[in-house]
Ligand SMILES: [Zn+2]
C-alpha cells in the first residue's frame, strides 16, 4: 500500500494548475514539471516507445505478451488540475483506518471534512484516506488515474505470466479547461478503444454524456427619453426577460437530474440599447437536444415578429454553437468495450455503478475522433476543492480493474477487431 501512496503523493505535490485564459498548450509551463517526471517514470518501469510531444502529450506502450492477435487498448488520464481552486503547495494528510467520524483538515482554520455533510465518507470506514490540509485541492482528479495506470503497467511488467495484448498509455495536459482531447493524436495512439480513468467513486463506469451547445442571444433596443417614450422606446433588457420567461422553468440545472436535460442561463448583461444573454443547452437524447435548439430559434422568431413593424429589422439574433456530443452514439456499436470493463469489475468483487454523466469528458471528444472511450472510476471524491479526498483502497481496486481488463481483452471472447473497425467507419 505504501508504494501507491508514495507514488500518488509524488504527483500531487507538483503544482499543475491549468489556465483557461492561456492560449498555449500546455496552458501553464508548470505542467511540464510533472510531465517530464512521468516520462522518466514510464521509462524506469520498463514501458516502451515513451514519447512526449511539443504540447506535452505523453504516450507509451506495453507490448503484447501473447502470440495471437489481440486488439490494442488504451488507458488515459490528465495531469493538470482545475483552476477553480489552488493546487499550489499541496500537503496531503494520511488518515489510516478511518473511524467514520469528522476529519480535521485544518485545526487553525477550523476546516472539517465531515460525514454529516459528505455522506460518501462512510463507505470507507476502516480504509486509508488521503485528504488535503484544507488550504488546497488534492489533485486526485486526475493524478489518482495516473497513479493507477502506471502502477497497473508496472504490475503487468513484473508479472509476465498475466497475458495481455498491446496496451497504450496516454497522459494529457489541460483537461480541466476542456482542451485535453484537442491535440490528442488518435492515429499515433493507435488503440482500438481506450478508457479514461477519470471517474469518481469506486465502481463508476460511464459511457453516456450530454449533447452540449452554447447560445449567445443579442437583443437590440431603442433608447428614448423615458418621459416621451410611449410607443417609441424598446428596452432590450425587458425583451431579454421575456425571452427567458419563454424557457421552461422546470428545465434548469437546479430542477433536473439523471437523463433530464436543461437550459442554463449563465450570463446576462444589458442596457436599454443592447442586452446579451448567454445560455447552455444540455440533453443526453439527440432528438431532444435538437428540439431544445429549435425552441431557441422559435422564441427568437416569435419576438422578432412582434417587434418587426416598430423596429424595422430583427430585434433578436441567436447564435447557437454545438460544443460536444453524447459518446453513447459511438460506444453503443462497440458495446463490448463497456461489457469488458463491467465484467472486470465484477470479477474482482466491485459492483459496477453505470450512470449517465451530466457533463462531458475527454472521452466524449475522443470517441468522436475515432477512439471510443468510456470513463472508469479513479476513486476520488469532492473534486475541485479543499474537501477532495481519495481512499487508497479505491486506487488499488482501480489498478486491479486495469489489469483485469487487459487480461480479459487477451482471452479472446472480446476479440472483435474487424467488427470494431467496421463500426468506426
Ligand atoms: Zn478529471
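Read-outs throughout are calculated quantities, based only on the coordinates presented, and are distinct from any laboratory measurement. These figures come from a predicted structure and were not determined experimentally. Virtual Cβ from ideal backbone geometry, glycine too; neighbours counted across all protein chains shown.
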Here the relative contact order (percent) of the stretch 211-324, from C-alpha pairs under 8 Å and at least 6 apart, is 39 percent
Where a ≥ b ≥ c are root eigenvalues of the Cα gyration tensor, a/c under 1.5 meaning rounded, otherwise prolate if a/b exceeds b/c and oblate otherwise, the stretch 91-157 counts as prolate
Rounded to the nearest 0.05, FRET efficiency between residue 49 and residue 3 (Cβ-Cβ, R0 30 Å) equals 0.75
The chain: relative contact order from alpha carbon pairs under 8 Å, six or more residues apart, as a whole percent, is 23 percent
Taking the alpha-carbon centre of each part, the distance from the stretch 121-194 to the stretch 221-288 in Å is 41 Å
Taking Cα atoms only, helix 140-158 is inclined relative to the longest principal axis of the chain by an angle, in degrees rounded to 10, of 30 degrees
What one gets for the stretch 1-82 as the Kirkwood radius, inverse of mean 1/r over different Cα pairs in Å, is 14.5 Å
Connecting every pair of Cα atoms under 10 Å apart in the chain and solving the GNM, the largest mean-square fluctuation among 275, 196, 128 falls on 275
Most exposed to least, judged by fewest other Cβ atoms within 10 Å, 17, 388 sort to 17, 388
Comparing 282, 346, 358 in a Gaussian network model of the chain (Cα, 10 Å), the one with the largest mean-square fluctuation is 346
Listing 3, 183, 284 by rising number of other beta-carbon atoms within 10 angstrom, fewest first, gives 3, 183, 284
Over the chain, the quotient of the Cα radius of gyration and 2.2 N^0.38 Å is 1.12
Normalised per residue, the volume inside the convex hull of the alpha-carbon atoms of the stretch 211-324 in Å³ amounts to 94 Å³
Ordered by fewest other Cβ atoms within 10 Å, a rough proxy for footprinting exposure, 104, 316 read 104, 316
Protection proxy (average C-beta count within 10 Å per residue), highest first, orders 110-116, 232-238 as 232-238, 110-116
DSSP beta bridges in the chain: the antiparallel percent, rounded to 5, is 75 percent
For the stretch 211-324, percent of DSSP beta bridges that are antiparallel (nearest 5) comes out at 100 percent
Among 296, 130, 357, the residue with the largest mean-square fluctuation in a Gaussian network model of the chain built from Cα contacts under 10 Å is 296
